[in-house]
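The values are calculated or read from the model by the stated rules, or taken from the named source; none is laboratory data. Since the structure is predicted, the reported quantities are computational estimates derived from the model, not experimental observations. Counting neighbours? That spans all protein chains shown, and the Cβs are built from the backbone with ideal geometry, glycine included.
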Amino acid sequence: MTQEIILETKNLTKEFKGFTAVSDVNLQVRRGSIHALIGPNGAGKTTCFNLLTKFLEPTTGTILFNGIDITREKPAQIARRGVIRSFQISAVFPHLTVRENVRIGLQRQLGTAFQFWRSERSLDVLDARAMDLLDQVGLTEFAETTTVNLPYGRKRALEIATTLAMEPELMLLDEPTQGMGHEDVDRVTQLIKKVSAGRTILMVEHNMNVVSSIADKITVLQRGAILAEGPYAEVSKDPRVMEAYMGTADAELQGAH
């Protein structure tokens, strides 16, 4: 069973001056799965992500990755272990080309991490791999486009490519389809499904259609605590979940069937 669980939290709690943002969360993410973290606004989803990547220190509780206690490790150590997070706001360099952005993600493997003053030529060896990653995310034709000129949905695809460049064992995706039009949502959803092969993905996502179509397991948070957990078909029928989402998302939950 332990082999199957790649990430586990035990009684994970985060308090801010008398306010409990994350309360006693026991999360188990299975290796090779797509696991979605959902919940109404203010449910503690992003705080949870910040704890897992150590941008925040937990007040109490334990985080285990591959059975190793990483609770006290620094963000860089956790990234080196293969826990890589893609941010809500496209974390790319706007004035570099799409290919150059991916190449920066790949520099880590050369041991020249973020040394921008290195001669361009030393990075040429990374071009083939960069193009391969762009091909995976459907961005080959945009390789020489300056990133600032990319359409929004394609920027998110680039962000996934740069995350993949870091060779994640566990990818944390924070609202990957936020602010997208329907067509982009579909494209990015399919992309997440595609890149999940041989990887584990934990994602925070508002869009129920996305969650229902690709998530193997869903954890619903409310006021920082786990309200329900299980496959979408089960969770979406849970009266407590419907109540937590109240009316609007009730329709949203139903509409995703």
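Some values worked out for this structure:
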{"quantity": "Matching residues, the stretch 168-209, being within 17 Å of residue 50 (Cβ to Cβ) and in a strand (DSSP E or B)", "calculated": "170, 171, 172, 173, 174, 202, 203, 204"}
{"quantity": "Options 44, 82: the member that is crowded, with 17+ Cβ neighbours inside 10 Å and either under 17 Å from residue 206 (Cβ atoms) or in contact with a Gly (Cβ under 9 Å, 6 or more places away or on another chain) (or both)", "calculated": "44"}
{"quantity": "When residues of the stretch 15-41 are limited to those that are surrounded by 13 or more Cβ atoms within 10 Å (Cβ to Cβ) and more than 20 Å from the chain's Cα centre (by Cα), the one farthest from residue 218 (Cα to Cα)", "calculated": "15"}
{"quantity": "Only listed residue being in the same structural domain as residue 184 (by TED's automatic domain parsing), at pLDDT below 95, over 22 Å from residue 11 (Cβ atoms) and surrounded by 19 or more Cβ atoms within 10 Å (Cβ to Cβ), chosen from 205, 252, 243", "calculated": "205"}
{"quantity": "Segments classed as strands (runs of 3 or more DSSP E), wholly inside the stretch 11-85, with at least 1 members that are more than 19 Å from residue 171 (Cβ to Cβ)", "calculated": "19-25, 60-65"}
{"quantity": "Looking only at the stretch 182-206, and only at residues there that are under 14 Å from the mean Cα position of the chain (by Cα) and without any contact (Cβ under 8 Å) to a residue 40 or more places away in the chain, the one that is nearest to residue 24 (Cα to Cα)", "calculated": "189"}
{"quantity": "Hits in the stretch 216-235 (condition: out of contact with any His (no Cβ under 7 Å at 6 or more places or on another chain), outside any strand (DSSP E or B) and at negative phi)", "calculated": "231, 232, 233, 234, 235"}
{"quantity": "Tally of residues being more than 16 Å from residue 84 (Cβ to Cβ) and in contact with a strand residue (DSSP E or B) (Cβ under 7 Å, 6 or more places away or on another chain) across the stretch 52-62", "calculated": "6"}
{"quantity": "Residue list for the stretch 164-191, filter: surrounded by 22 or more Cβ atoms within 10 Å (Cβ to Cβ) and either touching a Pro at 6+ places or on another chain (Cβ under 7 Å) or among the β-branched types (Val, Ile, Thr) (or both)", "calculated": "177, 188"}
{"quantity": "Qualifying residue in the stretch 73-95 (condition: among the hydroxyl-bearing types (Ser, Thr, Tyr), in contact with an Asp or Glu (Cβ under 6 Å, 6 or more places away or on another chain) and farther than 30 Å from residue 149 by Cα)", "calculated": "no"}
